[in-house]
Amino acid sequence: MSQQVVRVGTLFLHEAGDDFLVVVVRDGSRVFRGKLELKETDAGPRPRRFLQTGDSGEEPLRPEEFVELARSATRIRISQQTSEGGRTRLQEMLEGYQQEALVVRTCRYCANASRYSPITEETAITADRDHICQDCAVEELERELAYKGQFTGAAQDRLEELLLDVGDLDRIVDLLSGNLDPDLTQFDTISATNDEVDPFPTTDLDLHPWLQSDIEGRFENLLPVQSLAVENGLFDGDDQLVVSATATGKTLVGELAGVDRALKGEGKMLFLVPLVALANQKHEDFKARYGDELDVTLRVGGSRVTGSGAKFDPNADIIVGTYEGIDHGLRTGKDMGDIGTVVIDEIHSLKEGERGHRLDGMISRLKHFCEQREKSRSGYGGAQYIYLSATVGNPKWLSKRLRATLIEFEERPVPIERHVTFADGREKLRIENRLVKREFDTKSSKGYRGQTIIFTNSRRRCHEISRKLEYDSAPYHAGLDYGKRKQVERRFGNQDLSAVVTTAALAAGVDFPASQVIFDTLAMGIEWLSVQEFSQMLGRAGRPDYHDKGTVYLLIEPDCSYHGSMEATEDEIAFKLLKGEMEDVSTIYDEAAAAEETLANVVVAGKLAKRLNDRMLGDIPTKHAIGKLLEWGFIDGFEPTPLGRAVTSHFLSPDDAFRILEGIRNDSTPYELLAELELADQEL
C-alpha cells in the first residue's frame, strides 16, 4: 500500500453487497478507495481479502494492510445504512485490533459512489425512504428538472431553496407534477395594512341634486381614498393623481367630479382608458348608470362609427374613449367642445413604449386645446385632470410633473398569499379545476363562499378553461355583448358562479369580489405582463367585506413562451414579477418617438409646439426633432406638409411612413404593404 494511503484521515466503512466499501478521507478529499471482505475465525471476524480500487481497476493488498490503515486513521466511522449484522461484524473485527468505531448517518448515494458524506438530522434530505446529503439531493432534483423540461435559473433556485427548506426530495418532485401542498407552493404573504381615514358622509357632499340622490342611495359613507380626494380639493377643481390599490374605489373619484360638473353645465367629462375593450365596458356602464340624465358616447378611433355600431356624438356630456381615440380628434383638428373634466385611467401606461409617449403627447395636446378654448370662449373655465392608477413606483415625482395633488392610499385590508406551482397546458386545466372547487367549498368567517378569477391570454382559452371546470363558471371578455357580461356579473355577485375566466386585457375593468386569483398564463396577448399589470391583477384577490384573506396562484409552464417575439420564458418571468419592485412611471424618447410627438404638436399648435414639448413628462430634444421633420419633408417651417398631416393622423412612426412611401414607389399592393409593416414590427 502506498505511503499516501497511510496518512491520517477518516476511515469510512459501508456495506456493499457481500463486501464492505472502504474509503479514507483527508481534508475533505478522498485519498483511498477499496473493498474489504471478512472471514469468520475462532477469534471473530477478520480481514480475508483487501483490494484497492481505482479507475485502472483493482489492486490486491495484504489483509494486514487494512489493519495498518485502521490503526493510522484519526477516526473510524461505520455507515448507519449498513445492516445490523454488517455493523456487528465490523465492530467485532475492529475491537479485535483494539480499534473503536462510531456508527454515523451517511449519504447512501455518496457511499455507493465511494464518497464519505456524513449527514445530520438537520442536513439530511429524505429520498425514496432513505436519507441523502444535500449535494446529492440537488443533483437528483436537477435530473428531474432536465426530464420535465428546461427550467431557468430562477425557477431552479426556487426549487432548490424549497428542497433544502423541507428536506424531502419526493415532495419537491411531486410539486413538478401539480402537487398543491400549500407548504410547498406558497411563495410569500403580502401582509394586510390599514391606513386610518375618517369616512366622509355622502350627505355632506354638495353635488347636483340628481347625483346627490343617486350617491346617497348607494353609499352611506365614501371609501377612504374617495374621502381623501374630497378633502383635498376634488370639488375645488384641483388636478389630482390618485394612487390606490385595486378595488379601493378610485374610479368613483373621477366620476364624482366629472358627472357633477357635466350635470351642472360646467363642461363634459372625458373618461380615457388604454384599451378598446375597457372603453366599451366603461361606456356601457356609464350609459346604464347615467344615460337617463346625460348623453354618453364612445370614441375609440378615427372613425365616426364606434365599435358597437353607434355613431360618435362629439357634443355628448360624457365621452368614454381610448387615448388614441381622443388624440386622433386632436391631431385632426376636431372640436372637442367645452371639456370640464378629464379622467385618465391607468396613467402608469406612460411608462409603456409606444403607448407611453403617445399618452404623454395626448395629455399635452389636450391641455393646449382647453387652454386655447379658455382664451377664446368667455364663460369656459378650463378642465380639471384626474389621473388614476393602482401601481406607480414614483408617485411624488409623477404628481409633481403632472402638477397634480397626490392622493395616495396604501391600504391592503386583507393579506394575500402568493403561490407558485409548475404545470403544462393540460395539467393547468386539472389544477385550476381543483383550486376552484376547493375555494368554492370554503366559506369565510363572514359567510361568503370563495370565488375565483382566472386570468388567461386569449378569448378562446377563456372558453376552454370554463368548459373544463366542474362547478358553474363563465367566460368573461370583450367579445361578449353587454347583456351577457352583466348577466355574468350578477351571477357572480349572487355567488351562483364559482369562477369567471377572463383575459388579462380586461384586468383593469374586472371588478368581481373574488377571494382567489389564478394566473393561467403570465402573458397579455403576445407580451409578458409588467410588474404593474401583475400587481393590479393579483390585487383582485380578497375583499375585506367578504373574505378573511386573498389567495393567488401562478401556474407556470417551464420553458414556455406564447409567441416567437417573446423574450424569456414563463418560469423566468414568474420570479421577476414576484420579486419585482414597482416600476417608476416615466416616458423615454428615442429619435422616432420624439419626432412623432413633435410632429403631432406642430399639427395641433404650430409655433407653440415647443411649449407643448416642454411640459411633457419625457425630455424631448425639440431642436433636433424639428430638424429631422424638416429633413424628412413632414413640416415646412412650423406648418405640416400634406405628408406630415397624413403621417400624424394615422399615428405612423417615421420608419413606418418611409416603408409605406417606398412601397408606393415600388407599386406594392396594400396587402404587401401590410405584410411589410407586420414583419418590421416583429423584428423590433
Exercise for review: Among the numbered conditions (1) in a loop (DSSP other than H, G, I, E, B); (2) surrounded by 22 or more Cβ atoms within 10 Å (Cβ to Cβ), tell me where residue 445 comes up short.
Suggested key: (2)
Revision key, fill the gap. For residue 355, the lone unmet condition from (1) out of contact with any Asp or Glu (no Cβ under 8 Å at 6 or more places or on another chain); (2) under 26 Å from residue 534 (Cα atoms); (3) modelled with pLDDT of 95 or more is (3)
Practice item. Give me a count of the residues in segment 619-649 that are in contact (Cβ under 8 Å) with a residue 60 or more places away in the chain and touching a Gly at 6+ places or on another chain (Cβ under 8 Å). Key: 1
Exercise for review: Go through segment 508-542 and count every residue that is part of a loop (DSSP other than H, G, I, E, B) and open to solvent by 40 Å² or more (accessible area, probe 1.4 Å).
Suggested key: 2
Check your understanding: Quick one: how many residues across segment 134-169 are more than 22 Å from residue 423 (Cβ to Cβ) and surrounded by fewer than 21 Cβ atoms within 10 Å (Cβ to Cβ)?
Key -> 6
Review point. Just for segment 51-70: of the residues that are part of a strand (DSSP E or B) and without any contact (Cβ under 8 Å) to a residue 24 or more places away in the chain, which one is least open to solvent (accessible area, probe 1.4 Å)?
Key: 51
Practice item. Working only within segment 156-179, note down all residues that are modelled with pLDDT under 85 and outside any helix (DSSP H, G or I). Key: 176, 177, 178, 179
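Here's the yes/no breakdown for (1) in contact with a His (Cβ under 8 Å, 6 or more places away or on another chain); (2) in contact (Cβ under 8 Å) with a residue 24 or more places away in the chain; (3) at negative phi:
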{"residue": "173", "(1), (2), (3)": "no, yes, yes"}
{"residue": "179", "(1), (2), (3)": "no, yes, yes"}
{"residue": "185", "(1), (2), (3)": "yes, yes, yes"}
{"residue": "191", "(1), (2), (3)": "no, yes, yes"}
{"residue": "196", "(1), (2), (3)": "no, no, yes"}
{"residue": "204", "(1), (2), (3)": "no, no, yes"}
{"residue": "213", "(1), (2), (3)": "no, no, yes"}
{"residue": "216", "(1), (2), (3)": "no, no, yes"}
{"residue": "221", "(1), (2), (3)": "no, no, yes"}
Study note, to complete from the structure: Across (1) farther than 19 Å from residue 71 by Cβ; (2) in contact with a strand residue (DSSP E or B) (Cβ under 7 Å, 6 or more places away or on another chain), residue 40 clears everything bar (2)
Revision key, fill the gap. Residue 584 passes all but one of the listed conditions (1) among the charged types (D, E, K, R); (2) open to solvent by less than 10 Å² (accessible area, probe 1.4 Å); (3) over 30 Å from residue 642 (Cα atoms); the exception is number (2)
Check your understanding: Within segment 317-358, can you find the residues that are in a helix (DSSP H, G or I), open to solvent by less than 20 Å² (accessible area, probe 1.4 Å) and in contact (Cβ under 8 Å) with a residue 60 or more places away in the chain?
Key -> 327, 330, 331, 347, 348, 349, 350, 356, 357
Point to revise | Residue under evaluation residue 605, criteria (1) more than 18 Å from residue 353 (Cβ to Cβ); (2) open to solvent by 40 Å² or more (accessible area, probe 1.4 Å), criterion not met | key: (2)
Exercise for review: State which residue pairs qualify: first residue closer than 21 Å to residue 81 by Cα and inside segment 128-145, second residue among the β-branched types (Val, Ile, Thr) and in a helix (DSSP H, G or I) in any location, beta carbons under 9 Å apart, and separation of 6 or more residues or different chains.
Suggested key: 137/172; 140/173
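Out of curiosity, is residue 672 among the charged types (D, E, K, R), at pLDDT below 85 and loosely packed, with under 14 Cβ neighbours inside 10 Å? If you could, list the steps in order and put the result at the bottom.
On the way: among the charged types (D, E, K, R): yes; at pLDDT below 85: yes; loosely packed, with under 14 Cβ neighbours inside 10 Å: yes.
Spelling it out, residue 672 is indeed among the charged types (D, E, K, R), at pLDDT below 85 and loosely packed, with under 14 Cβ neighbours inside 10 Å.
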Point to revise | Test: residue 485 is open to solvent by 40 Å² or more (accessible area, probe 1.4 Å) and either farther than 16 Å from residue 276 by Cβ or out of contact with any Pro (no Cβ under 8 Å at 6 or more places or on another chain) (or both) | key: no
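The values are calculated or read from the model by the stated rules, or taken from the named source; none is laboratory data. These numbers come from a predicted model, not from an experiment. All Cβ positions, even for glycine, are placed from backbone atoms using ideal geometry, and neighbour counts span all protein chains on display. Please note that ligands, DNA and RNA were not included when accessible areas were found on the heavy atoms of the full protein model with its side chains. Shrake-Rupley method; radii C 1.70, N 1.55, O 1.52, S 1.80 Å.
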